[in-house]
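Okay, so here's the structure we're looking at.
The values are calculated or read from the model by the stated rules, or taken from the named source; none is laboratory data. The model shown is predicted, which means the values in this text are computed figures rather than measured ones. Backbone-built Cβ (ideal geometry, glycine too); neighbour counts: all protein chains shown.
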Amino acid sequence: MQLPQKPTPRVFSGMQPTGNLHLGNYLGAMVRWVEMQQSHECIYCVVDMHAITMWQDPKELKGQIRSVAAAYMAAGLDPKRSILFNQSQVPEHAELAWVFNCVARLGWLNRMTQFKEKAGKDRENASVGLYVYPNLMAADILAYRATHVPVGDDQKQHLELARDIAQKFNNDFKPWIEKAGHADGAFFPLPEPVITGPATRVMSLRDGTKKMSKSDPSDLSRINLTDDADTIAKKIQKAKTDPEPLPSEEKGLEGRPEAENLVGIYAALAGKSKAEVLAEFGGAQFSAFKKSLAELCSARLGPIAAETKRLMSDPSGIDAILADGAARARALAKPVLDEVKDIVGFVRS
Ligand code: ATP
Ligand code: MG
């Protein structure tokens, strides 16, 4: 199969099955994923190979993969219209990641802040996989020559690295890329980050300076997409705040990260601006605002939780969807990898 000379517009993104999806994943990425299905060819992945860069209990991992896939669908991903699969079923991701391990430079990876945060103080003991995570992420995207990547703000640096890798590959192999029929020497597109969700960086409910994360040991730090109304109310009630009432203008949120976060979440869920939210709640005590926020949050997440639960009652149904998605993904990635092998000079039968 001859690949088109220029990559066609295509969306790729993924989430790790490292735990329950949360409000940050939803507002930061998933809302945009669902929308982009209307305008683009979309590929959405459960990135299980990324998940094992940190220890995952094999007893739990299958269930986590299925529950992330179920949450995607519950939030509005249509597995017929888009491609939905788990990463480890498409070996081309790992194959291309190896080539990229040989394209990316150590100096580039040394700058990645996610590695520094996740490895913590005991860096010597972090997995090598955690260190080369961004190369695999570049491979996830570029195995499909994807052009647009909707992600949260924390992934900006990894996206820049993916663009650097694509550019270096195009430069290093230019003559062979041209020989393969790509006249302008641009085999890989430079993928565009799409960081434009309603809340591109949702912060932890326990610490307004840390992002909300699946892997945060405290469940009180996040609102899971599967939390029921009581749990949501409890978590929001316990969310860290300061003693001042809410300001009436955005300026008044400066230096108050927890207040800013809760107002941002409310605004994103209500489809309003922060200024509009403050016009309504300015002067109110947090207790009253938190009550309204909890109600809004349950109203929005309740149907997603119920649908996830329904889908999870049929694990083999989810597995069949993932298998179908993997076959469709592979049909796209295999010809890209074939050309990559020709370009770098491998013998292939
Ligand atoms: P982990 O702690 O295991 O890294 P995570 O919560 O960071 O989990 P990922 O699977 O790494 O979730 O990221 C999936 C997507 O969700 C990415 O696009 C990421 O940018 C986005 N995302 C993650 N956390 C947030 C957040 N707090 N606010 C906005 N977007 C987020
Ligand atoms: Mg993450």
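Assorted remarks:
- Considering segment 78-116, and only residues there that are part of a helix (DSSP H, G or I) and within 17 Å of the chain's Cα centre (by Cα), the residue that is nearest to Asp172 (Cα to Cα) turns out to be His93.
- Checked against (1) over 23 Å from the mean Cα position of the chain (by Cα); (2) at pLDDT 95 or above; (3) polar (S, T, N, Q), Asn224 meets all criteria but (1).
- Residue within segment 181-198 that is surrounded by 16 or more Cβ atoms within 10 Å (Cβ to Cβ), away from ligand 1 (no atom under 12 Å from the Cβ) and under 16 Å from the mean Cα position of the chain (by Cα) present: yes
- Residue within segment 281-290 that is crowded, with 19+ Cβ neighbours inside 10 Å and closer than 11 Å to Ile232 by Cβ present: yes
- Number of the condition not met by Met203 [criteria: (1) of a type outside the set (Asp, Glu); (2) surrounded by 17 or more Cβ atoms within 10 Å (Cβ to Cβ); (3) over 21 Å from Leu21 (Cβ atoms)]: (3)
- Lys251, sole failed condition from (1) in a loop (DSSP other than H, G, I, E, B); (2) exposed (fewer than 15 other Cβ atoms within 10 Å of the Cβ); (3) of a type in the set (Lys, Arg): (1)
- The listed residue being in a helix (DSSP H, G or I), in contact (Cβ under 8 Å) with a residue 60 or more places away in the chain, among the hydrophobic types (A, V, I, L, M, F, W, C) and within 30 Å of Ile343 (Cα to Cα), out of Ile177, Ile232, Ile236: Ile177
- Segment 281-306 residues that are polar (S, T, N, Q), paired with ones that are in a helix (DSSP H, G or I) (beta carbon under 6 Å, 6 or more apart): Ser298/Ala229; Ser298/Ile232
- Index of the failed condition, Ala71 passing every other in (1) away from ligand 1 (no atom under 11 Å from the Cβ); (2) surrounded by 24 or more Cβ atoms within 10 Å (Cβ to Cβ); (3) closer than 30 Å to Asp342 by Cβ: (3)
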